[in-house]
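J.: Dropping the structure in here first, questions after.
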Amino acid sequence: MQEQSKSWKFTNEKSPKKGDSKKPDPIELESCPNNGTSCKDQRAEINNRLLTSYEYFTNKQYHQSIDELKFAFEQANQLNEGTCLSCAGLFRLRIMQSLEHIHGELQNRSSSLFRSKQYKPSYEYAHTVIQEFKRQL
Ligand SMILES: [Zn+2]
């Protein structure tokens, strides 16, 4: 996993540069066996989903945020044939990282005394989807 991430640059969503009008793509093309020609559409779709998911996340709409990641994951799964297998693997890894981030946040919120009930369903949902993703990584 460590070696694979060298070929793709992951943008850290948590620290966007102030003054940047355009958001950077969560996944930027750095190297792909096909120069991105085969995985271009999926990458664009996955980047859109990741950005939307992050917006939901910052609005505390966790269910919607997780659903966006599920859609993104389905896009990555469409690359399961051809020369972009490694790209698909990295996309899935990147989506998984986002989901684990949400999961961690919900874990914190669920363990706080007053918020436990409010966020518990989302936490359980995140947990279920993580297990689904793990089976397909
Ligand atoms: Zn590719």
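The values are calculated or read from the model by the stated rules, or taken from the named source; none is laboratory data. Quick caveat: nothing in here was measured; it's all calculated off a predicted structure. Please note: Cβ atoms are built from the backbone with ideal geometry, for glycine as well, and neighbour counts cover all protein chains shown.
J.: In contact (Cβ under 8 Å) with a residue 40 or more places away in the chain, under 20 Å from Pro24 (Cβ atoms) and either part of a helix (DSSP H, G or I) or among the polar types (S, T, N, Q) (or both): does that describe Leu106? Step through it out loud before you land on a result.
T.: Values: in contact (Cβ under 8 Å) with a residue 40 or more places away in the chain: yes; under 20 Å from Pro24 (Cβ atoms): no; either part of a helix (DSSP H, G or I) or among the polar types (S, T, N, Q) (or both): yes.
No.
J.: Since Glu81 meets every condition but one in (1) among the acidic types (Asp, Glu); (2) surrounded by 13 or more Cβ atoms within 10 Å (Cβ to Cβ); (3) at pLDDT below 95, which condition does it not meet?
T.: Checking Glu81 against (1) among the acidic types (Asp, Glu); (2) surrounded by 13 or more Cβ atoms within 10 Å (Cβ to Cβ); (3) at pLDDT below 95, the one that fails is (2).
J.: Tell me the residue from Arg94, Arg43 that is within 17 Å of Ile130 (Cα to Cα), within 16 Å of the ligand (Cβ to nearest atom) and surrounded by 14 or more Cβ atoms within 10 Å (Cβ to Cβ), please.
T.: The unique qualifying residue is Arg94.
J.: Right, something else. Consider Glu74 carefully, then state whether it is farther than 20 Å from Lys23 by Cβ and free of Cβ contacts under 8 Å to residues at least 24 places away in the same chain.
T.: On the way: farther than 20 Å from Lys23 by Cβ: yes; free of Cβ contacts under 8 Å to residues at least 24 places away in the same chain: yes.
It is true that Glu74 is farther than 20 Å from Lys23 by Cβ and free of Cβ contacts under 8 Å to residues at least 24 places away in the same chain.
J.: Sticking with this one: Given (1) surrounded by 13 or more Cβ atoms within 10 Å (Cβ to Cβ); (2) modelled with pLDDT of 90 or more, where does Glu132 come up short, assuming only one miss?
T.: With (1) surrounded by 13 or more Cβ atoms within 10 Å (Cβ to Cβ); (2) modelled with pLDDT of 90 or more applied to Glu132, the lone miss is (1).
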